[in-house]
1. Can you compute the modelled spin-label distance between ASP112 and ARG248, with each label point 7 Å from Cα toward Cβ, in nm?
2. Based on a Kirkwood Rh over C-alpha pairs, give the Stokes-Einstein translational diffusion coefficient of the chain at 37 °C and viscosity 0.692 mPa s in µm²/s.
3. For the chain, give me the percentage of DSSP beta bridges that are antiparallel, rounded to the nearest 5 percent.
4. Between ASP153, ASP79, ASP132, find the one with the highest GNM mean-square fluctuation for the chain; connect C-alpha pairs within less than 10 Å.
5. Rounded to the nearest 500, what is the 222 nm mean residue ellipticity of the chain from helices alone, with -39500 (n - 2.57) per DSSP H run of 4+ residues and division by all residues?
6. Longest exposed-loop-site-free stretch of the chain, with GluC sites (Glu not before Pro), DSSP loop and at most 13 other Cβ within 10 Å?
7. Using 0.36 nm per residue of separation minus the Cα-Cα distance, give me the extension gain between THR33 and HIS81 in nm, one decimal.
8. Considering lysine pairs in the chain that are 8 or more places apart or on different chains, how many have Cα atoms under 24 Å apart?
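The values are calculated or read from the model by the stated rules, or taken from the named source; none is laboratory data. All figures in this text were calculated on a predicted structure; none of them were measured in a lab. Note: ideal-geometry Cβ built from the backbone for every residue, glycine included; neighbour counts use all protein chains shown. Each accessible area value is taken on the protein alone, full model and side chains, heavy atoms only, with ligands, DNA and RNA left out. Shrake-Rupley method; radii C 1.70, N 1.55, O 1.52, S 1.80 Å.
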Amino acid sequence: MSPMSPTPAEPSPSRTAAVIPAAGRGVRLGPGTPKALRALGGTPMLIHAVRAMAASRAVTLVVVVAPPDGAPEVKNLIDGHALPEHTDYVVVPGGATRQESVKLGLDALPDDVSVVLVHDAARPLVPVDTVDAVIEAVRDGAPAVVPALPLADTVKEVEPGEPGAPEPVLSTPVRARLRAVQTPQGFDRHTLVKAHTSVAVDGEGATDDAGMVEQLGSQVVVVPGHEEAFKVTRPLDLVLAEAVLARRRANDGF
Ligand code: C5P
């Protein structure tokens, strides 16, 4: 702009950032390397998750929340893998619970970020179309958006007892009204920060950021999730993830 022309009052550009909590140990996957650092197709799960977020043109910053004592190691790891040019990243140390780790990630966001995704490192294969659909719904005005799928199984609410002992059934929710939620969950930044500031960490803390927004009384909406956005939790999930990667490689040289 020439020094003569008046400076228009430009609205500050809105940026989208993704926070990836990756500070968990992943004990259900068995002993060994922390879950986020386990290899899938030869590449750590966390790198797949970072790339899945960076695959969206809208995401210009990824905040990775590392194990409390592992931030330098995680930064080295990401430094060693290529990301698209439009994506910056920072690594911050996490906390004792997922809820605390997400809060620490939010604290690291620069002022110009107005849309925040929270994505589990344990969902390395979410397709970019799902990421973009979540961002679009937030940009269209929803304060909180979760991708989710209908359930294949019928679900029972039970009175939990000793492991392996019969548990009394309390109710059977109507399956057609249930959804299994995935990540990335998308938020208007102000709404998510308010939830993390006002909902106290109770026990193991919240496992679902959208649930915290619900506690504030704000509307959360669901958009269609994707079967490849499944969470790698148990050893069998690793087998499935390897198969999905192999299929992608065969189909498009991914
Ligand atoms: O254990 P779970 O699979 O529910 O963890 C979900 C996500 O939260 C994982 O990506 C895990 O690394 C992360 N997490 C975290 N800080 C913790 C516990 C879990 O960032 N203290």
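1. If labels sit at ASP112 and ARG248, their model points lie 2.9 nm apart.
2. So the translational diffusion coefficient is about 169 µm²/s.
3. Working: 13 of 35 bridges.
Expressed as a percentage, antiparallel bridges in the chain total about 35.
4. ASP153
5. Details: 7 runs with 76 residues, N = 254.
When only DSSP H runs of four or more count, the value is -9000 deg cm²/dmol.
6. Result for the longest clean stretch: 86-203.
7. Working: separation 48, 0.36 × 48 = 17.28 nm, distance 1.88 nm.
Once the chain is fully extended between THR33 and HIS81, it gains 15.4 nm.
8. 8
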